[in-house]
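See below for the structure under consideration.
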Amino acid sequence: MASWNKGDGDDVELILRKLFVGGIKPDTSDDQFRNYFAKFGDIEDYVHIRNKQTGQSKGFGFVTYSDQASVDKCLAAKPHTINQKDVDVKRAVPKDQPQERCHKIFVGGLPETNEAELKSFFEKHGKVTQCQFKRDQNTGRGRGFGFVSFEDSDTVDKLVILKHIDFNGKTIECKKALDVKDKQHMNNGGHSQNPSVYGAPPAAAGYPPPGYPPAPMPAYGAYPPYAPPGAPAPQAPAAPGYSAPAAAPAYPGYPGYAAQPAYPQPAPGFPPAPASNPYYQQQAGQYNQAPSSYGAQKNTYASNTYGSSRSANYKPY
């Protein structure tokens with residue numbers, strides 16, 4: 001079995017002869033799958049991934065041709081339709097590389113060069129649309145890496161499979177260069193798929209799914225607009241199984257709104273709340289002693305309590 005990460009020559013050659021097929025119709029048979037790709041060349045091996053319990057197709061598979069020319073011929077014949085459904089056909093990219101389709105690669109380990117030389121080198125792999133060789137802004141020396149954009153995403157996949165390429169006697173490394181939007185899409189579990197092949201996303205199919213009750217709250221935009229000052233506030237529609245929302249309270253000081261009622265009267269048998277606390281007024285000043293009084297208390301406490309019982313010869317230290 002080929003190893004994706006070792007970079008062995010035999011493994012790379014095998015991977016370059018392998019295609020990934022996605023978006024297969026569930027009732028597609030193995031004969032339909034194989035016979036379609038057999039018209040592009042001699043098939044060495046193929047795998048149609050199926051559910052072990054139901055036997056239905058999981059929607060993807062792999063085809064390995066006996067030569068790379070058959071792969072190129074198959075990729076050039078897009079779009080592909082199997083069992084009256086469009087399918088997605090591309091190179092089987094190693095698992096350590098992003099599976100997103102893109103048109104740009106990162107090139108690392110570059111020796112001192114220029115963009116014209118870099119573009120001329122990669123033109124033999126595919127049509128180059130843009131080429132960048134990064135330099136230090138202060139010294140003007142190369143920083144050892146750059147970016148190359150291609151017209152066809154298949155060229156990027158092929159270079160990513162090769163991974164290490166000899167450039168002017170030095171080995172350079174090629175990786176997919178995804179922009180921020182693509183990386184965020186990958187982190188959210190997404191992948192760049194053709195809606196005509198894989199079907200529309202769940203959100204486009206409508207909510208809720210068939211067989212599920214509708215959402216209890218109305219959809220966005222179902223609420224009435226705000227009423228002008230002075231008019232009664234509109235009420236939101238009640239959801240099925242829920243009571244209507246309570247009316248919004250009115251506040252004083254705004255035209256068109258009723259004043260807020262006063263606090264309720266005490267219950268029968270209970271006295272009204274006092275305007276002030278008489279107990280606090282009675283106790284006020286009881287503990288207001290001047291600081292000098294503490295000194296007098298201390299002297300009295302020492303002379304009356306311990307003075308008569310002390311020995312005349314007593315010395316504290």
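Structure above, values below:
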| quantity | calculated |
| --- | --- |
| The lone exception for Asp31 - which of (1) among the charged types (D, E, K, R); (2) surrounded by 12 or more Cβ atoms within 10 Å (Cβ to Cβ); (3) assigned to a helix (DSSP H, G or I) it fails | (2) |
| Odd one out for Phe62, checked against (1) surrounded by fewer than 18 Cβ atoms within 10 Å (Cβ to Cβ); (2) touching a Phe, Trp or Tyr at 6+ places or on another chain (Cβ under 9 Å); (3) farther than 25 Å from Val12 by Cβ; (4) touching a residue at least 40 places away in the same chain (Cβ under 8 Å) | (3) |
| Filter pass, Lys134 being part of a strand (DSSP E or B) and surrounded by fewer than 16 Cβ atoms within 10 Å (Cβ to Cβ) | yes |
| Residue match in the stretch 95-105 (condition: in a loop (DSSP other than H, G, I, E, B) and more than 29 Å from Gly41 (Cβ to Cβ)) | no |
| Positions within the stretch 86-102 being in contact with a Phe, Trp or Tyr (Cβ under 6 Å, 6 or more places away or on another chain), crowded, with 18+ Cβ neighbours inside 10 Å and modelled with pLDDT of 85 or more, in sequence order | Ala92 |
| Condition broken by Phe121, with the remaining ones in (1) touching a residue at least 24 places away in the same chain (Cβ under 8 Å); (2) part of a strand (DSSP E or B); (3) among the aromatic types (Phe, Trp, Tyr) satisfied | (2) |
| Residues located in the stretch 67-79, provided they are open to solvent by 50 Å² or more (accessible area, probe 1.4 Å) and small (Gly, Ala, Ser) | Ala69, Ala76 |
| Candidate set: the stretch 137-175, residues that are open to solvent by less than 30 Å² (accessible area, probe 1.4 Å) and of a type in the set (Ser, Thr, Tyr); chosen: the one nearest to Arg17 (Cα to Cα) | Thr155 |
| Criterion violated by Asp42 - all others in (1) modelled with pLDDT of 95 or more; (2) crowded, with 17+ Cβ neighbours inside 10 Å satisfied | (2) |
| Only one of Ile49, Ile82 that is surrounded by 16 or more Cβ atoms within 10 Å (Cβ to Cβ) and touching a Phe, Trp or Tyr at 6+ places or on another chain (Cβ under 6 Å) | Ile82 |
| Some residue of the stretch 16-33 being within 25 Å of Val160 (Cβ to Cβ), among the charged types (D, E, K, R) and over 37 Å from the mean Cα position of the chain (by Cα) | no |
| Yes/no for Phe106 being among the aromatic types (Phe, Trp, Tyr) and open to solvent by less than 50 Å² (accessible area, probe 1.4 Å) | no |
| Filter result (hydrophobic (A, V, I, L, M, F, W, C) and either modelled with pLDDT of 95 or more or in a strand (DSSP E or B) (or both)) within the stretch 161-188 | Ile165, Phe167, Ile172, Cys174 |
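The values are calculated or read from the model by the stated rules, or taken from the named source; none is laboratory data. Only a predicted model underlies this, so the values are computations on that prediction, with no experimental measurement involved. No Cβ is skipped: glycine too gets one built from the backbone with ideal geometry, and neighbour counts run over all protein chains shown. Side chains included, ligands, DNA and RNA excluded: accessible areas come from the protein's heavy atoms. Shrake-Rupley method; radii C 1.70, N 1.55, O 1.52, S 1.80 Å.
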